[in-house]
Structures are given as structure tokens and as C-alpha cells.
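Input: a single structure, listed below in C-alpha cells.
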Amino acid sequence: MFLRPRLQVNVAITPMLEFGRRVDLDSKTSLRAYAAFGVSYRPDSSYTVKSSFVNADSTIGTFNDHLKSPEVLGKIDLGLQLYRAGGFEAKAAYTADLSSHYTNQTATARFAYHF
């Protein structure tokens, strides 16, 4: 039982102010910490998704999902990045989108080896 969503594009405007510090651990390695704060505005925060079941009989038809999210959200980004020139990069980040009755949190970790 899979849903087949239709594509819809929305726009978000998010001005942010970032504070950070970079510390050189040696001639090739640096550590960067940052915190960014801002507000995200989505002028069209309500939309309808028309869906159907994949490989379902066409007589079943489609159905609509009505989604509403806040128009204005506070946004917080926190992160730590370790970079070594000609070597590797490691990054950990946390993001929160906040409103009076809405919270969306994301944590990510990334490792890359540069060759």
C-alpha cells in the first residue's frame, strides 16, 4: 500500500544571522562552531495533496490530504565542523523550526574524505 503524491512547489523566505568562531588546531586542521538565528516566512503554508494508491484499481479513485503549517517560524541552526585540508571533514548540526504549536527538529552528521 503506497501513496502516489503529486508534486507541488512552495517558497520559503528565511533571513538568518550567524555567529561563529573558527579555531586553527594546526596548520592544516580547523574547528568551526556556529549558531544561526532567524525567521522563516512561507506565504503559502496550506496546501492540498491529491493522492492515490500505487497499482490500485482505478475504480478506487483518489483522495485529498489537506496540510496546514505555520506561516511564520523561528529558526535555530547550531553546528560544529572539523576540517583538515587534503584530508577529511566532519560536521554535526542541529536545526529547529519553532512556532507556538509547532516544533520540527533535525540533527545531522556528515563525514567526508577529500582525495
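The values are calculated or read from the model by the stated rules, or taken from the named source; none is laboratory data. Not measured: the values here are computed from a predicted model. Because the Cβ atoms are built from the backbone with ideal geometry, glycine has one as well, and the counts that use them run over all protein chains shown. The area values use the complete protein model at the heavy-atom level, side chains included, leaving out ligands, DNA and RNA. Shrake-Rupley method; radii C 1.70, N 1.55, O 1.52, S 1.80 Å.
Points to keep in mind about this one:
- Carbon plus sulfur fraction of accessible area for the chain, probe 1.4 Å, in percent: 58 percent
- FRET efficiency for ALA33 and SER100, using Cβ-Cβ distance with R0 set to 25 Å, rounded to 0.05: 0.25
- Comparing LEU78, LEU67, LEU31 along the charge dipole axis of the chain, the residue lying farthest to the positive side is LEU31, per the Cβ-charge model.
- 1.4 Å probe accessible area per residue over the chain, in Å²: 75 Å²
- Relative contact order for the chain, counting Cα pairs under 8 Å that sit 6 or more residues apart, in percent: 22 percent
- Of GLY74, GLY38, GLY20, the residue with the greatest mean-square motion in the GNM of the chain, using alpha carbon springs below 10 Å, is GLY20.
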